[in-house]
Amino acid sequence: MDRAFERTKILTHHLLQSSPSPVQTSLSSNACFNYTLPELSEKYAFDTKEMRRLIDGHHLEVRDRLFGMMSQSKLFNPRVRGGKVFVSPDYNQPMEQQREITLKRIDYLFDRGAFKGWLTEQGEEIELRKFASFEVFGTFDHSMGTMLAVHFFLWGGAVQVFGTKHHHDKWLRDTETHVVKGCFAMSELGHGSNVRGVETVTTYDSNTQEFVINTPCESAQKFWIGGAANHATHAIVFSQLNINGSNQGVHAFIAQIRDADGYLCQNVRIADCGRKIGLNGVDNGRIWFDNVRVPRENLLNSVADVSADGKYLSSINDPDQRFAAFLAPLTIGRVSIATSTVYISKAGLTIAIRYALTRRAFSLKPNEPEVLLLDYPSYQRRLLPLLAKTYAMSFASHYLKKLFVKRTPQSYKTIHIFSSAFKATFTWNNLHILQECREACGGQGLRTENHVGQWKAEFDVQSTFEGDNNILMQQISKALLAEYVAAKKRKKAFKGLGLEHMNKPCPVIPSQLTSTALRSSQFQMDALCVRERDLLNRFAAEISHYQAKGLSKEHAFNMSNSDSTSVHQSYQIAEDLGRAFTDRSIFQAFAEAEATLAASSLKDVLGMVRSLYGLICVEDASFLRYGYLSVENAAAVRSEITKVCGELRPHALALVSSFGIPDAFLSPIAFNWIDANSWSSIQH
C-alpha cells in the first residue's frame, strides 16, 4: 500500500504541474546518442585477414568477386541507409514478384559466367568453387541459393551421378547454360523422408520403348518441388519401377514438364504450393503425371537399366543394396546446406555484435554514460558462446567439404554420416543463433531490413528439407551401432568416424576441475569421448536387451524401455548419442585446425574461442543426466564459461570482422543506426 500511495502522490504532482518531489531531483536527462564507429575504440590483437583465410579455407577471391558482382547491379535492390549502400531482397514484395526477380538475378549471374564449368568440368577445384559460391549466394538470399541448388546440385547432380555418358552429353551443357531449367521431383504429399515409400509408379511399354509415369493417387502427387510452379522445364522424377508386374524399387527418370515457351506438356498437371513463412522467391509446386510417356533412354541407368524388350538389368541383385547405391551420391544436398548455413550464422552474429558494440542501455550510476550492451556479462553470455559455436562449425564445414570432394565409393557411408550429423546440427544451431541475435537486437531485430528476424523464417525450412533433422540424427546412432556390433563381432579395433578413441582406455574425468584443466583441449576432448563411448555402450546394451526378447533391431530402437533396467528410453539414448558424436566430431575439427598454427596472438585468441566451444559442449545437460560430471564440476564449467566470455569481449569485433562479409550484405543496425533511422533518411 505504501508503494501504491507513493506512486499516486508522484502522479498527482505531475498532473498538477507541481515541483518535483525530492526523489526526482537526482535524475537528469542524458545527452543524445552519438554513433561511434566501433573500430575507433576496439583494438585488433590479430590479423583479421589471416583469420579469414583460416576460417573460409578456400576461394576467397571467388567469394569477393561474387559479392562485388551482386552489389554492382540494381537487380539486387541497393538502398542507401545511414550513408551506406545495402543490398538485400525486398521481402515485402508479393510472392509472384519475388519469384520473378529471383529468376532475373539468376539470369544475371549466368550472363556473367558465374557458373562456367560447374557441370562440364570435374575435379576438387571446381567442386570447392561451387561450395564457396553457394555460401555467398545464400548470404544475399536463401531463395536464390535454393533455386541454384535445385538446378545444379539436385537436377544437375542427379544427371551426373545417376546418368551415364549419353545423359551427360545431352543434358549437362544445356543445364550449365540455363537452356534447360531443372527440378527434382522426389518428395510426395504422402512421403518425404521415406523415399523408398514413394507411390508414383512407372511401367515400361516394350512396343513403343517408352516408360509411362503415373500418379496413381492423391498422396502420390509430387509436393514442394522447387522450380516446378513457374519456371522448370524438366524434372528428375523418382518413381517405383514396375516391370512385368514386379516392383524393382525406386528409380529416377527425366521427364519434360514444360516446353520452351513455358507451356505445360501433355498429361502433366501442376499446381502452386502457395505462400510460405519464408523462401517465397522459390516457386514450389505440386506435380501430377497422368501416364506421361518418356523415351527409354530417359531412365538414369548408372545402377540399373531396362533393355529394349523390357528385361530389367542390374549388376546389384539385392534390392536393399541397390537402393543404397542409388541414394548414396545424393549427399551433396546435405553437404551444401550444412556448409552454406554457417555463413548465415556468421552474418547474423556480425550484425548483432556490431549493434551491441554501439547501442547503450542504462547507467550504473547517476549522470554516468549508459553501458554498451556487449559490456553486460549477460549479453556476453548470450552472444559469445554462439560466436565460438560458429567458428567451430566453420572448421567442421571445411572437414566435410574436403571429405566430399575426395570421395570414393568406399567413403559414401562416411560422407552420409557426417553430412547428416552436420546438416542437422548446423541448421538447428543457425535457427538458435538467429533467434538469439533477433532478441539481442531488441525491436530493431524485427525489421526486415535488419535481416536477423527475417532470416529465421527464410532458413527455418532447412531443418526438414534434404532430410528431417531428427531422422538424420537417428540414422547416425544406427550407423554407430552398426560399427559397434561389427567391431565386437570381428573382435577388431574401431576404425573410422573418429571412433578410434574407443580402442584406448576410457579417460577419467578428475573429481576436481581447475580453471586450467577446464580450458585445456585434452580435458575437453576426453570429456566428449567419455560421453560418446558411454552412450554407444548404453545404446548397444538397450538394443541387445530387446533383441534377446525376439524383437527386431527396428522395433528395439523404438521401444519405451518400460521393462528395462535403464531409466532412459532407447530413442532418447539414440538422440543423445547422435549429439555426442556430432559435438565430438566438430570439436575435433576445431582442435586440429588450432594445432596447425604456430605460436601467435591469432592462435592465442583462437585458443580462447576453442576453449569456449569445448566448455559449452561440456555444459550440455547430458553430462549431468548420465553422471559424467558432479554438480560441483558442472557449476565450475558454467562459471568458467562466464570468465572466458569476459576475456573474449575485447576480441569480439575482430572475430566477427574476420568473417569477411562485405558491409553491403549486413544491415543498417550493424553501422550508423541513428542516421539510418533519422528523419532526413525518410525524406530521401
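For every residue, the table says whether it meets (1) at pLDDT 95 or above; (2) outside the structural domain of ASN469 (by the TED database); (3) open to solvent by less than 30 Å² (accessible area, probe 1.4 Å).
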| position | (1), (2), (3) |
| --- | --- |
| THR516 | yes, no, no |
| ARG519 | yes, no, no |
| ALA574 | no, no, yes |
| ALA589 | yes, no, yes |
| THR596 | yes, no, no |
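Filtering the stretch 147-174 to residues that are open to solvent by 10 Å² or more (accessible area, probe 1.4 Å), farther than 23 Å from ASP259 by Cβ and among the hydrophobic types (A, V, I, L, M, F, W, C) leaves ALA149, VAL161.
The residues of the stretch 78-118 that are among the polar types (S, T, N, Q) and either buried (at least 18 other Cβ atoms within 10 Å of the Cβ) or touching a residue at least 24 places away in the same chain (Cβ under 8 Å) (or both), listed by number, are SER88, ASN92, GLN98, THR102. Looking across the stretch 631-684 at every residue that is β-branched (Val, Ile, Thr) and surrounded by fewer than 20 Cβ atoms within 10 Å (Cβ to Cβ), the one that is modelled with the highest pLDDT is identified as THR642. Assess whether ILE471 counts as being within 18 Å of TYR355 (Cβ to Cβ), under 16 Å from the mean Cα position of the chain (by Cα) and in the same structural domain as THR341 (by the TED database). In short, no.
The residues listed here are GLU127, GLU121; of these, the one that is surrounded by fewer than 23 Cβ atoms within 10 Å (Cβ to Cβ), part of a helix (DSSP H, G or I) and either assigned by the TED database to the domain that holds SER340 or of a type outside the set (S, T, N, Q) (or both) is GLU127. Restricting attention to the stretch 604-630 and to residues that are part of a helix (DSSP H, G or I) and more than 26 Å from LEU655 (Cα to Cα), the residue that is most open to solvent (accessible area, probe 1.4 Å) turns out to be ARG625.
One residue alone among ARG490, ARG438 is at pLDDT 95 or above and charged (D, E, K, R), and that residue is ARG438.
Look at THR177 and say whether it is open to solvent by 20 Å² or more (accessible area, probe 1.4 Å) and either closer than 17 Å to GLY467 by Cα or touching a helix residue (DSSP H, G or I) at 6+ places or on another chain (Cβ under 9 Å) (or both). Answer is yes for this residue. Residue under question is GLY445, and the condition is that it be in contact with a Lys or Arg (Cβ under 7 Å, 6 or more places away or on another chain) and modelled with pLDDT under 95; does it hold? No, not satisfied. Note on the stretch 193-226: residues that are in contact with a Phe, Trp or Tyr (Cβ under 8 Å, 6 or more places away or on another chain), polar (S, T, N, Q) and part of a loop (DSSP other than H, G, I, E, B) total 3.
Every listed requirement among (1) under 28 Å from the mean Cα position of the chain (by Cα); (2) farther than 19 Å from VAL609 by Cβ is met by LEU387 save one, (2). Would it be correct to say that VAL201 is open to solvent by 10 Å² or more (accessible area, probe 1.4 Å) and at pLDDT 95 or above? Taking the combined requirement at face value, the residue satisfies it.
Only one of (1) at pLDDT 95 or above; (2) closer than 22 Å to ILE101 by Cα fails for ILE213. Which number is that? Unmet for ILE213, out of (1) at pLDDT 95 or above; (2) closer than 22 Å to ILE101 by Cα: (2). Remark: VAL180 falls outside the filter, which requires a residue to be over 27 Å from ALA271 (Cα atoms) and not aromatic (Phe, Trp, Tyr).
For the criterion of being on the phi > 0 side of the Ramachandran plot and open to solvent by less than 50 Å² (accessible area, probe 1.4 Å), GLY467 passes. One residue stands out among those in the stretch 204-223 that are within 32 Å of the chain's Cα centre (by Cα) and without any contact (Cβ under 8 Å) to a residue 60 or more places away in the chain: the one that is surrounded by the fewest Cβ atoms within 10 Å (Cβ to Cβ), which is GLU218. I'm trying to understand the selection: among the residues of the stretch 229-271, which are in contact with a strand residue (DSSP E or B) (Cβ under 9 Å, 6 or more places away or on another chain), closer than 26 Å to THR177 by Cα and open to solvent by 50 Å² or more (accessible area, probe 1.4 Å)? Answer for the stretch 229-271, where residues must be in contact with a strand residue (DSSP E or B) (Cβ under 9 Å, 6 or more places away or on another chain), closer than 26 Å to THR177 by Cα and open to solvent by 50 Å² or more (accessible area, probe 1.4 Å): ASN230, GLN256, LEU264, GLN266.
ARG584 fulfils the conditions (1) of a type in the set (D, E, K, R); (2) closer than 30 Å to ALA482 by Cα; (3) open to solvent by 10 Å² or more (accessible area, probe 1.4 Å) except for a single criterion, (3). The set of residues in the stretch 69-107 that are within 22 Å of ALA347 (Cβ to Cβ), in a helix (DSSP H, G or I) and under 26 Å from the mean Cα position of the chain (by Cα) comprises MET69, MET70, SER71, PHE76, GLN98, ILE101, THR102, ARG105, ILE106. For ASN194, the criteria (1) without any contact (Cβ under 8 Å) to a residue 60 or more places away in the chain; (2) open to solvent by less than 10 Å² (accessible area, probe 1.4 Å) hold in every case but one, which is (2). Cβ-Cβ distances below 7 Å connect the following pairs, each with a first residue in the stretch 487-500 that is among the acidic types (Asp, Glu), a second residue that is in a loop (DSSP other than H, G, I, E, B), and a separation of six or more residues or different chains: GLU500/PHE494. Could you tell me whether the stretch 501-512 includes any residue that is within 18 Å of GLU575 (Cα to Cα), crowded, with 18+ Cβ neighbours inside 10 Å and not acidic (Asp, Glu)? For the stretch 501-512, residues within 18 Å of GLU575 (Cα to Cα), crowded, with 18+ Cβ neighbours inside 10 Å and not acidic (Asp, Glu): absent. Right, GLY226: crowded, with 23+ Cβ neighbours inside 10 Å, under 25 Å from the mean Cα position of the chain (by Cα) and small (Gly, Ala, Ser) or not? Yes.
The values are calculated or read from the model by the stated rules, or taken from the named source; none is laboratory data. Just so it is clear, the model here is predicted, and its values are computed rather than measured. Neighbour counts are summed over all protein chains in view; Cβ atoms, including those assigned to glycine, are modelled from backbone coordinates with ideal geometry. Surface areas here come from the heavy atoms of the whole protein model, side chains and all, with no ligands, DNA or RNA. Shrake-Rupley method; radii C 1.70, N 1.55, O 1.52, S 1.80 Å.
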